[in-house]
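S.K.: My questions will all concern the structure given below.
The values are calculated or read from the model by the stated rules, or taken from the named source; none is laboratory data. Every value quoted in this text rests on a predicted model; they were computed, and no experiment measured them. Heads up, the Cβs are rebuilt from the backbone with ideal geometry, glycines too, and the neighbour counts pull from every protein chain shown. Surface accessibility is based on the protein's heavy atoms, side chains included, excluding ligands, DNA and RNA. Shrake-Rupley method; radii C 1.70, N 1.55, O 1.52, S 1.80 Å.
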Amino acid sequence: MSKAPVYILAIESSCDDTSAAVLRDRKALSNVVATQHIHEAYGGVVPELASRAHQLHIVPLVHQALAQANIDKKQLSAIAFTRGPGLLGSLLVGTSFAKSLALGLNIPLLAVNHMEAHVLAHFLEAPGMTAPPFPFLAMTISGGHTQILRVEDHFKMEVLGETLDDAVGEAFDKSAKLLGFPYPGGPMVDRMASQGDPRRFRFPIPKVPGLNFSFSGLKTSILYFLQQETEKDSDFVAKNLPDLCASIQHTIVTILMQKLRKASEQTGIRHIAIGGGVSANSGIRQALKAEESRLRWITYLPPFEYCTDNAAMIGIVGHLKYLEKDFSDLRVTAKARFRIGS
Ligand code: KG4
Ligand code: ZN
């Protein structure tokens, strides 16, 4: 007799995307996201506006996720939600909603660490996706995070390195802002970079010990460089945009790849799983491809919808926790700072 499927409703609200997903076992039957465009006018995420937008979106989004999955809420086995890390006001919306619904339906509640979810997204069952074998290295690169982890098992992972200041996505977005692009400018830098010379301008590679990263110095050096050059020629940025984008992207990719290579050398692990919105970057994708042939890496890049912040990745962690009966009680609280393993 085959086992009854596990249906999980998952909710993600840690930053500026509200998302809801329904999973049948490891497969996402739906994964809907409401991106908040309101922040674009401010050049970054405004926490108070983010939590208000989550409140507006969460109920219709959950209805949509259930309808797309063709699942009635009475069929749900459990509710998974992002407990942290993230913006506290945003997390509270998802946490309160998940608790109320679990209480109302009298089903278990599963508290999920957002950073673990970026790593475990690779265990979703979807076309074109293969789960990496243990142990593997995971690199999460997004607007909010930059981490390299050694993953021994679903719930046994260690942070080997992380950013000491800005996240890599912020480095892209802040550089883009200096060049005059609207927020978030990362994808535009990528697009422009394809027409430019990555070696035309040199920006310093920070010397950070171990496997940690730092990106704040890059932004400062770009700022000073642009100030100097525009004093000499006020059209400097406009005249050199593709080369500037290509050179900035090249610098960021070099910083990431140096640390990833070092992590692989130190651990002897060649299975590398990438997550986070910055994994869309073509420079990073090319660099990873190059190491597949040169260093015999096996890289894992999920479809983009599972790389950016999404509820399906919260759902897969929920599923794995459900199998272990690792439930939370209703006193569980949101945690703005929530380290993996804590
Ligand atoms: O994972 P994500 O959607 O949200 C979080 O920050 O958690 O990542 C968004 C970040 C933004 O900083 C955006 O500029 C960056 O990912 N990004 C890119 C590209 N696509 C998205 N950065 C560089 N090149 C891209 N193609
Ligand atoms: Zn994220």
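S.K.: Among the aspartates and glutamates, select those whose C-alpha is under 19 Å from the C-alpha of K289, and discard any that sit fewer than 8 residues away in the same chain.
M.R.: By straight Cα distance, K289 reaches D190, E265.
S.K.: Which links in K174/K239; K27/K335; K219/K259; K156/K207; K174/K262; K74/K321 stretch past 23 Å when you go from one Cα to the other?
M.R.: Over 23 Å apart, Cα to Cα: K27/K335; K156/K207; K174/K262.
S.K.: Moving on to the next point. Could you size up the charge dipole of the range 1-78 around its Cα centre, putting +1 on the beta carbon of Lys and Arg and -1 on that of Asp and Glu, and report it in debye to the nearest 20?
M.R.: 520
S.K.: Follow-up question, since we're still on this one. About the Cα centre, and with charges only on the beta carbon of Lys, Arg (+1) and Asp, Glu (-1), how big is the dipole of the range 130-301? Nearest 20 debye, please.
M.R.: Approximately 440 debye in magnitude.
S.K.: Each residue of the range 107-113 in order: what ³J(HN,Hα) in whole Hz does its phi give by Karplus 6.51 cos²θ - 1.76 cosθ + 1.60, θ = phi - 60°, with x for Gly and Pro?
M.R.: Using θ = phi - 60°, the values come out as 10, x, 10, 10, 8, 10, 7 Hz.
S.K.: DSSP loop GluC sites (Glu not before Pro) in the range 260-342 with at most 12 other Cβ atoms within 10 Å of their Cβ, which ones?
M.R.: Qualifying residues, ordered by number: E324.
S.K.: Calculate what fraction, in whole %, of the accessible area of the chain sits on carbon and sulfur atoms when a 1.4 Å probe is rolled over the protein chains.
M.R.: Percent of accessible area from carbon and sulfur atoms in the chain: 53.
S.K.: Can you compute 3J(HN,Hα) from phi for each residue in the range 119-124, using the Karplus curve 6.51 cos²θ - 1.76 cosθ + 1.60 with θ = phi - 60°, rounded to whole Hz and x for Gly and Pro?
M.R.: Along the range 119-124, the couplings run 6, 7, 3, 5, 9, 5 Hz.
S.K.: OK, next. By how many nm would the segment from D72 to Y224 lengthen if fully extended, with 0.36 nm per residue of separation less the alpha-carbon distance?
M.R.: My answer for the length gained is 49.0 nm.
S.K.: Dipole of the chain (Lys/Arg Cβ +1, Asp/Glu Cβ -1, origin at the Cα centre): which of Q266, I11, L105 lies farthest to the positive side?
M.R.: Checking the options against the dipole of the chain, the answer is Q266.
S.K.: Counting other Cβ atoms within 10 Å of each Cβ, which trypsin sites (Lys or Arg not before Pro) in the range 267-342 have at most 12 and sit in a DSSP loop?
M.R.: Passing both the DSSP loop test and the Cβ count: R296, K325, R331, R337, R339.
S.K.: Under unit Cβ charges (Lys, Arg +1; Asp, Glu -1), what dipole magnitude, rounded to 20 debye, does the chain have relative to its Cα centre?
M.R.: 640
S.K.: Keeping all protein chains in place, calculate the accessible area per residue for the chain (probe 1.4 angstrom), answer in Å².
M.R.: On a per-residue basis, 45 Å².
S.K.: Using r as the Cβ-Cβ distance of E158 and L330, and R0 as 25 Å, what FRET efficiency do you calculate, to the nearest 0.05?
M.R.: So, using R0 = 25 Å, E works out to roughly 0.25.
S.K.: Return the percentage of antiparallel bridges among DSSP beta bridges fully within the chain, rounded to the nearest 5 %.
M.R.: Percentage antiparallel, nearest 5: 60.
S.K.: Still on this structure, I have one more. Convert each backbone phi in the range 74-87 into a coupling constant with the Karplus relation 6.51 cos²θ - 1.76 cosθ + 1.60 (shift: θ = phi - 60°), then list the ³J(HN,Hα) values in order as whole Hz, x for Gly and Pro.
M.R.: 5, 7, 5, 8, 6, 10, 10, 8, 7, 8, x, x, x, 7
S.K.: Roughly what would the spin-label model give for E48 and R199, points 7 Å off Cα along C-beta, in nm?
M.R.: Going from the E48 label point to the R199 one covers 5.1 nm.
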